[in-house]
Ligand code: ZN
């Protein structure tokens, strides 16, 4: 008999990488519908859309208030300060490849391998919190420019983390092969119209951090790439559900 019996899925504890955006909110709902205990983790690395961080606690509070079955499963929130990432994304310090980064269409705030760093910090925290599942909103469909979001990258990292921690660490990415429209559908399947309304009202995606303008799909400038993706996905989802 093993001294580390593998818990059944419902008994396992999950740690969700939770930014307060649409994708990670749907991931949090997904985890709350599956696991007995769910904690959340955010990263503060001086991102321009810091307003996302302010949305995190609102989303957690609304999920607990509107979904009584999920409330007792929602555990502690953690916020890790990764200000050092600012040193790597600063083009003044990394000018040798600044032009390449710009020419590739990636934003100049791009931090190479950022998700590898996030997940490695998350795994270290999960280990200390007794969690064996990490849940993240990485997606190949809409972010194919980011190699650290690819399914095979994350599968390889899952193996590396499980070996390096000498403890099983499962990386779950429920959005990996979904379009933005399908992410809205998943929210609907998990929590019905109430969850979709919560996503619209309380999550934040806009790169510019604009919450002064309310669109059909939520708050945002409506013009940055993140707003465009969110708006197009919402429109496609609505078109798909129209009678
Ligand atoms: Zn925007």
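Taken together, the values in this text are just the output of simple stated rules run on the coordinates, not laboratory data. It should be emphasised that the depicted structure is a prediction, and the values quoted were computed from it without experimental measurement. Quick reminder, even Gly has a Cβ in these numbers, built from the backbone with ideal geometry, and neighbours come from all protein chains shown.
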* Structure fact -> The extension gain from residue 170 to residue 238, computed as 0.36 nm times the residue separation minus the Cα-Cα distance, is 21.2 nm
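Let a ≥ b ≥ c be the square roots of the eigenvalues of the Cα gyration tensor of region 25-85; is it rounded (a/c under 1.5), or, if not, prolate (a/b larger than b/c) or oblate?
Prolate is the answer for region 25-85, as a/c is 1.5 or above and a/b outweighs b/c.
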* Asked: Can you work out the FRET efficiency for the pair residue 57 and residue 155, with r the C-beta to C-beta distance and R0 = 51 Å, to the nearest 0.05?
  -> 0.95
* To do: Using only Cα atoms, locate the centre of region 208-236 and the centre of region 174-196, then give the distance between them in Å, rounded to an integer.
  => 17
* Structure fact -> Between the modelled labels at residue 84 and residue 44 (7 Å from Cα along Cα→Cβ) the distance in nm is 1.8
